[in-house]
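Asker: The structure that follows is given in the form of structure tokens.
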């Protein structure tokens with residue numbers, strides 16, 4: 001071989017390296033599908049596309065999970081969510097009312113397979129919002145604007161919440177809270193309701209003062225009657241014999257003193273002695 005001859009390239013020598021490279025790529029692909037890492041607010045369900053389909057009971061928890069490479073993992077967000085709805089609804093008397101309501105909820109982590117099978121990832125738009133709108137319209141339609149705005153607001157919120165909770169429980173969603181953010185009535189209706197409430201409050205205040213005065217007068221009457229009864233009992237208990245006894249006791253005490261006295265026996269009323277001071 002001359003110095004100008006080049007060594008021939010043999011592709012066969014690269015085959016082992018190509019084979020190893022292919023194996024490495026396959027392993028990377030396979031391993032990336034085998035190991036699944038879920039966040040704390042995530043859960044996963046297995047879809048066995050070549051056998052039994054969606055496994056609703058095998059829910060993968062947060063952290064590392066190992067899954068067969070021929071199966072798919074459907075990742076579901078279980079974090080608490082909040083939606084807000086603004087809608088116009090009709091009251092019992094047909095008045096249009098603008099309602100702004102918010103709803104907080106989250107999927108049941110252990111039941112996301114059932115939720116996914118029914119709604120996939122669109123359960124908020126397919127389930128939550130329609131049920132919220134329906135419950136609000138149905139229940140508010142049973143009340144007057146005054147009841148909604150003031151007197152029965154808490155009762156209405158509770159009824160709507162319980163109606164939605166029943167449906168969500170059946171579909172494996174936990175209801176956390178429902179809140180009326182604002183209730184907007186026509187200006188004239190709102191003013192009339194506020195004036196009525198103010199008048200009722202003034203009336204209740206006046207009635208309270210009247211009842212207070214009545215109770216105070218009754219207390220004074222009972223107190224006076226008690227004192228009168230006590231005086232009658234005391235007067236009835238002071239008989240002539242008691243007075244005589246008290247007079248004799250007083251006479252004996254005075255007679256024992258060192259002062260000179262003149263005692264007239266039987267000189268007083270009821271035969272009581274009269275004591276005269278002899279110093280005068």
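Asker: What Kirkwood hydrodynamic radius do you get for region 41-164 when you take the inverse of the mean 1/r over all pairs of distinct Cα atoms, in Å? Mind showing how you got there, number by number?
Answerer: Working: mean 1/r = 0.0590 Å⁻¹.
Mean inverse Cα-Cα distance, inverted, gives 16.9 Å.
Asker: How would 164, 112 line up from fewest to most surrounding beta-carbon atoms within 10 angstrom?
Answerer: On the way: 164 22, 112 25.
By the 10 Å Cβ count, ascending, the order reads 164, 112.
Asker: Sticking with this one: I need the calculated FRET efficiency for the pair residue 70 and residue 22, taking r as the beta carbon distance and R₀ as 30 Å, to the nearest 0.05. Let's see the in-between values first.
Answerer: Values: r = 19 Å, r/R0 = 0.65.
Efficiency at R0 = 30 Å is approximately 0.95.
Asker: A follow-up question, please. Find how much the distance from residue 129 to residue 211 grows on full extension, using 0.36 nm per residue of separation minus their present alpha carbon separation; answer in nm with one decimal.
Answerer: On the way: separation 82, 0.36 × 82 = 29.52 nm, distance 5.06 nm.
Working it through step by step, the gained length comes to 24.5 nm.
Asker: Tell me, 50, 149, 114 in order of fewest to most beta-carbon neighbours within 10 Å? Each step should come with its number before you reach the end.
Answerer: Details: 50 8, 149 20, 114 17.
Going from least to most buried by this count: 50, 114, 149.
Asker: Continuing with the same structure: Neighbour counts of other C-beta atoms within 10 Å: give me 167, 173, 136 arranged from fewest to most. Working shown, then result.
Answerer: Working: 167 17, 173 25, 136 22.
Least to most surrounded, the residues fall as 167, 136, 173.
All of the numbers you see were taken from the coordinates with simple rules; none came from a lab. Quick caveat, the model's predicted, so the values are computed rather than measured. Because the Cβ atoms are built from the backbone with ideal geometry, glycine has one as well, and the counts that use them run over all protein chains shown.
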